[in-house]
Amino acid sequence: MRAPIHPGEMLREEFLAPLNMKPEELAQKINVPPKTIKDICQEKKDLTPEIICRLAVYFKMSYEF
């Protein structure tokens, strides 16, 4: 059985990489501390409901993405 994908991997590979965007850039655009997004992308921290909402608005997606 395969381990579940961490949201940070999805954020890094499916959203940031195609845009050539660094975690620090995204953090600035969604108004959160850069360390927060870096930690999520490095799979050290999970997404919070607040971060999910900010990402959904920025990427124009539903909150369930």
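FYI, it's all coordinate maths here, none of it is from the lab. Just so it is clear, the structure is predicted and the values come from calculations on it, not from any experiment. Every residue, glycine among them, receives a Cβ derived from its backbone with ideal geometry; neighbour counts consider all protein chains shown.
So, counting K/R as plus one and D/E as minus one, what does the shell of residues with Cβ under 13 Å around Gln28 add up to?
Working: positive: Lys22, Lys29, Lys35, Lys38, Arg54; negative: Glu24, Glu25.
That sum, taken over residues with Cβ under 13 Å, equals +3.
Could you list Tyr63, Tyr58 in order of exposure, starting from the residue whose Cβ has the fewest other Cβ atoms within 10 Å?
Numbers: Tyr63 10, Tyr58 13.
By the 10 Å Cβ count, ascending, the order reads Tyr63, Tyr58.
Roughly what angle does helix 49-58 make with the longest principal axis of the chain, taking Cα atoms, 0 to 90 degrees, to the nearest 10?
With rounding to tens, the tilt is 60 degrees.
Please work out which option in [x] 12.8, 37; [y] 17.5, 48; [z] 11.2, 37 gives Rg and Dmax of the Cα atoms in Å calculated from these coordinates, and answer with its label.
The value computed from this structure is option [z].
Sum -39500 (n - 2.57) across every DSSP H segment of at least 4 residues in the chain, then divide by the residue count to get the 222 nm mean residue ellipticity, nearest 500.
Values: 4 runs with 30 residues, N = 65.
Calculated from helices alone, the mean residue ellipticity at 222 nm is -12000 deg cm²/dmol.
Could you give each residue of the stretch 5-10 its phi-based ³J(HN,Hα) in whole Hz, using Karplus coefficients 6.51, -1.76, 1.60 with θ = phi - 60°, and x for Gly or Pro?
Per residue, the Karplus-derived 3J(HN,Hα) values read 7, 6, x, x, 5, 5 Hz.
5 Å is the cut-off here: which amide hydrogens, built 1.01 Å from N in the peptide plane, fall below it relative to Lys45, excluding neighbours closer than 5 in sequence?
Distant-sequence amide H within range of Lys45: Ile40.
Among Ile40, Ile52, what is the fewest-to-most ranking by other Cβ atoms within 10 Å? Provide the component values of the computation, followed by the final result.
Values: Ile40 25, Ile52 15.
Fewest to most other Cβ atoms nearby, the residues stand as Ile52, Ile40.
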